[in-house]
Amino acid sequence: MQIALGYELIYALPQPTPMLLMLNVHFSRAGDLLTPDTLTTTPRVPLRAYRDRFGNWCTRLTAPPGQFRIASAATVRDSGLLDPVSPHACQHRVEDLPDETLLFLLGSRYCETDELSATAWSLFGNTPPGWPRVQAVCDFVHHHITFNYQQARPTRTALQAYQERVGVCRDYAHLAVAFCRCLNIPARYCTGYLSDIGLPYSPVPMDFAGWFEAYLGGAWHMFDPRNNAPRRGRVLIAYGRDATDVAISNSFGPNVLERFTVWTHEAI
């Protein structure tokens with residue numbers, strides 16, 4: 001299967017504004033790119049790329065005053081298979097975890113493990129460890145939060161999502177990540193493209209998606225509490241401790257995002 005994907009962001013800027021972007025497909029999928037996801041700007045400006053501490057591709061630029069467009073389009077080779085499921089993946093004892101996973105046990109900006117620990121153990125302490133426990137977390141979060149794009153808020157934390165019971169995909173992921181960390185399961189936040197291949201048509205505009213990965217059985221496994229069902233055509237852009245680490249753009253100055261378009265569909 002081939003998947004076409006891309007985005008267009010149009011900003012209005014009153015002054016020259018440095019920007020940090022995280023919009024390229026993750027290096028782990030670079031070999032699947034049939035056409036490169038080259039970032040372009042209008043007007044053209046110099047770009048400087050680097051990889052952050054998690055291996056995510058980042059781009060630095062300075063946008064000029066006025067209207068500024070950032071866009072990309074690419075084609076990715078994909079298996080067309082549903083997200084993998086590994087129900088027998090085991091949970092590791094903390095003392096047996098690899099050093100590089102320990103960061104993903106700690107609290108972070110959007111995942112208040114200290115505030116949610118008692119709740120996590122009361123809800124999931126009696127569930128079987130490993131994959132079944134993470135799936136129990138996803139089942140709970142999926143039913144506990146009501147999806148409402150109109151009530152999206154960039155400052156909402158996992159604790160607030162638990163209390164308010166409303167949010168968007170990043171809120172589902174943050175709450176599940178926080179619960180997993182409380183239960184001594186390393187969990188990292190992910191963002192990327194998620195197609196609707198194989199699903200009924202929806203008129204709702206597409207956006208970048210948020211999900212998470214949990215470390216079980218010696219590997220990272222994908223979970224999606226927002227949809228809570230295997231999907232096709234998931235393409236990772238970045239992962240980190242939470243949404244702070246994987247923001248698609250950080251603008252260091254005043255700006256207005258005038259247009260935001262994301263697309264992903266099976267290429268014909």
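The values are calculated or read from the model by the stated rules, or taken from the named source; none is laboratory data. Because the structure is predicted, anything quoted here is derived from the model rather than measured. Note that each Cβ is placed from the backbone with ideal geometry, even for glycine, and that neighbours are counted across all protein chains shown.
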Would you check if residue 158 is within 17 Å of residue 243 (Cβ to Cβ), in contact with a His (Cβ under 8 Å, 6 or more places away or on another chain), crowded, with 24+ Cβ neighbours inside 10 Å and among the aliphatic types (A, V, I, L, M)?
-> yes
Read through the list (1) loosely packed, with under 12 Cβ neighbours inside 10 Å; (2) in contact (Cβ under 8 Å) with a residue 60 or more places away in the chain; (3) at positive phi, then give the number of the only condition that residue 66 fails.
-> (2)
Out of 75, 157, which single residue is within 23 Å of the chain's Cα centre (by Cα) and either closer than 30 Å to residue 13 by Cβ or free of Cβ contacts under 8 Å to residues at least 40 places away in the same chain (or both)?
-> 157
Count of residues meeting criterion [touching a Ser or Thr at 6+ places or on another chain (Cβ under 8 Å) and within 17 Å of residue 15 (Cβ to Cβ)] in segment 47-64 = 3
Unmet requirement for residue 122, which otherwise passes all of (1) surrounded by fewer than 20 Cβ atoms within 10 Å (Cβ to Cβ); (2) more than 13 Å from residue 241 (Cα to Cα); (3) in contact (Cβ under 8 Å) with a residue 60 or more places away in the chain | (3)
When you look at residue 210, is it surrounded by 22 or more Cβ atoms within 10 Å (Cβ to Cβ), in contact (Cβ under 8 Å) with a residue 12 or more places away in the chain, within 23 Å of residue 80 (Cα to Cα) and touching a helix residue (DSSP H, G or I) at 6+ places or on another chain (Cβ under 8 Å), yes or no?
-> yes
Would you mind stating whether residue 243 is more than 22 Å from residue 5 (Cα to Cα) and buried (at least 18 other Cβ atoms within 10 Å of the Cβ)?
-> no
Per the filter on segment 129-147, residues closer than 27 Å to residue 93 by Cα and in a loop (DSSP other than H, G, I, E, B) are 129, 130
Out of all the residues in segment 1-23, which are part of a loop (DSSP other than H, G, I, E, B), more than 17 Å from residue 47 (Cβ to Cβ) and not hydrophobic (A, V, I, L, M, F, W, C)?
-> 14, 15
Condition broken by residue 150, with the remaining ones in (1) outside any loop (DSSP other than H, G, I, E, B); (2) modelled with pLDDT of 95 or more satisfied = (2)
Residues of segment 169-193 being in contact with a Gly (Cβ under 7 Å, 6 or more places away or on another chain) and among the aliphatic types (A, V, I, L, M), which ones?
-> 173
Any hit, segment 204-224, residues being more than 17 Å from the chain's Cα centre (by Cα), in the same structural domain as residue 155 (by TED's automatic domain parsing) and over 29 Å from residue 128 (Cα atoms) | yes
Filter segment 226-250 for residues that are part of a loop (DSSP other than H, G, I, E, B) and closer than 23 Å to residue 155 by Cα and give the result.
-> 226, 227, 241, 242, 243, 244, 245, 246, 247, 248
Per the filter on segment 46-56, residues touching a residue at least 60 places away in the same chain (Cβ under 8 Å) and of a type outside the set (D, E, K, R) are 54, 56
Candidates 235, 204, filtered to the one that is surrounded by 18 or more Cβ atoms within 10 Å (Cβ to Cβ) and under 27 Å from residue 75 (Cβ atoms) = 235
Check segment 130-142 and report whether any residue there is loosely packed, with under 14 Cβ neighbours inside 10 Å and among the β-branched types (Val, Ile, Thr).
-> no
Given (1) in contact with a Leu (Cβ under 7 Å, 6 or more places away or on another chain); (2) not in a helix (DSSP H, G or I), where does residue 178 come up short, assuming only one miss?
-> (2)
